[in-house]
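A short write-up of the structure that comes next.
The values are calculated or read from the model by the stated rules, or taken from the named source; none is laboratory data. Owing to the predicted nature of the structure, the values given are computational and were not obtained by experimental measurement. Counting neighbours? That spans all protein chains shown, and the Cβs are built from the backbone with ideal geometry, glycine included. For the accessible areas, the whole protein counts, side chains as well, though only heavy atoms, and no ligand, DNA or RNA atoms are used. Shrake-Rupley method; radii C 1.70, N 1.55, O 1.52, S 1.80 Å.
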Amino acid sequence: MSLGIKYEGISHQTKTIPNDGHPYEITGFNFNTTEVEYETLLASKESVQAFGMTLLHSGECLRFEYEGLIMAQYTYGKWAGYQSPYLGGARRRELLTYNPTDLEFHDFPHVFFSQDERPLVISVARWRPYVQEICLADLWVQPGDAIVLPPKTRPTRPDDDLPEPEKRRIIIDLHGNRNSALACWRDDKPALTTTTILGNANTMQTRAPNYHEETHPTRHGHAGIRPAE
């Protein structure tokens, strides 16, 4: 129920992104720290489950009956985590001087396939919004593995008199893939390729993701490739 580096007493509020004249709203976090650290975890059945996901090894499968999805290939450069999607279209390619937190959840499934010779890194969080707490980690998904995220929706706000242990059970699992190429940082490999399943254009418009940002610099470790068994 609780993996990752924990931050308590956090706050959040709605934040409007101008977006070159086409504004939209995101959630702005404040973790009350000058540097945000993510725990480095090898993606195992247990560590992935702790953030509401399922890990599949090569040859494994699960029932996946959803519509409105596409399969797409992406290439993430090692500097992708230093870009911000919230600066507007004209500035999307600018690099920041630090790597901020960028997380989301959405009401459609998502699958990340680790297909490069380096692990795919997915940043994740388990947020307990009604006790002001969040746990953060980087999941290092080994080559040949995949992680499956089910659709997620925002839980109903509880009554104010609900006991705190019950409020702690109300969670929102978040993820972000801007740090996908973290495994490239220790060599000269400039980018990492991957395949993902996500919503098509209509799904992205009608069930748009819920975006979350925390603007303080982040710190990420290195896990490497799992030893051969």
### Query
Would you pick out the residues in segment 58-76 that are out of contact with any Gly (no Cβ under 7 Å at 6 or more places or on another chain), surrounded by fewer than 16 Cβ atoms within 10 Å (Cβ to Cβ) and not acidic (Asp, Glu)?
59, 61, 62, 63, 64, 66, 70, 71, 72, 73, 74, 75
### Message
Suppose we keep only residues that are in a loop (DSSP other than H, G, I, E, B) and of a type outside the set (A, V, I, L, M, F, W, C) within segment 128-149. Which one would you say is surrounded by the most Cβ atoms within 10 Å (Cβ to Cβ)?
### Response
145
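Looking at segment 189-199, can you tell me whether even one residue there is more than 20 Å from residue 73 (Cα to Cα), open to solvent by less than 40 Å² (accessible area, probe 1.4 Å) and touching a helix residue (DSSP H, G or I) at 6+ places or on another chain (Cβ under 9 Å)? Outline the logic, then answer.
Here is the first cut: in segment 189-199, the residues more than 20 Å from residue 73 (Cα to Cα) are none.
No, segment 189-199 contains no residue that is more than 20 Å from residue 73 (Cα to Cα), open to solvent by less than 40 Å² (accessible area, probe 1.4 Å) and touching a helix residue (DSSP H, G or I) at 6+ places or on another chain (Cβ under 9 Å).
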## Note on the structure
Log entry, pairs with first residue in segment 150-169 being in a helix (DSSP H, G or I), second being not basic (Lys, Arg), beta carbons closer than 7 Å, six or more apart or on different chains, reads 164/131; 167/130; 167/131; 167/158; 168/131
### Query
So, in segment 117-127, of the ones that are part of a loop (DSSP other than H, G, I, E, B) and touching a helix residue (DSSP H, G or I) at 6+ places or on another chain (Cβ under 8 Å), which residue ends up most open to solvent (accessible area, probe 1.4 Å)?
118
### Failed item in (1) in contact with a helix residue (DSSP H, G or I) (Cβ under 6 Å, 6 or more places away or on another chain); (2) farther than 21 Å from residue 148 by Cα; (3) surrounded by 18 or more Cβ atoms within 10 Å (Cβ to Cβ), with residue 7 passing the rest
(1)
### Query
Within segment 19-45, which residues are open to solvent by 90 Å² or more (accessible area, probe 1.4 Å) and touching a strand residue (DSSP E or B) at 6+ places or on another chain (Cβ under 9 Å)?
25, 32
### Query
If you go through segment 138-150 one residue at a time, do you hit one that is small (Gly, Ala, Ser), within 22 Å of residue 36 (Cβ to Cβ) and at pLDDT 95 or above?
no
### Query
Within segment 15-55, can you find the residues that are within 19 Å of residue 216 (Cβ to Cβ) and either part of a helix (DSSP H, G or I) or of a type in the set (Ser, Thr, Tyr) (or both)?
27, 33, 34, 38, 40
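State all residues of segment 82-96 that are closer than 16 Å to residue 17 by Cα and assigned to a loop (DSSP other than H, G, I, E, B); if no residue qualifies, say none.
Hits for segment 82-96 are 83, 84, 85, 86, 87, 88, 92.
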#### Entry: Filtered residues of segment 56-81 (kept if touching a Pro at 6+ places or on another chain (Cβ under 9 Å) and outside any loop (DSSP other than H, G, I, E, B))
69, 77, 81
### Task
Output the residue which, of all residues in segment 200-229 that are in contact (Cβ under 8 Å) with a residue 60 or more places away in the chain and of a type in the set (A, V, I, L, M, F, W, C), is surrounded by the most Cβ atoms within 10 Å (Cβ to Cβ).
223
### Task
Scan segment 39-59 and report the pairs whose first residue is within 17 Å of residue 174 (Cβ to Cβ) and in contact (Cβ under 8 Å) with a residue 60 or more places away in the chain and whose second residue is assigned to a loop (DSSP other than H, G, I, E, B) and hydroxyl-bearing (Ser, Thr, Tyr), with Cβ atoms within less than 8 Å and a gap of 6+ or a chain change.
50/2
### Query
Looking only at segment 89-106, which residues are surrounded by 16 or more Cβ atoms within 10 Å (Cβ to Cβ) and either at pLDDT below 95 or more than 14 Å from the chain's Cα centre (by Cα) (or both)?
none
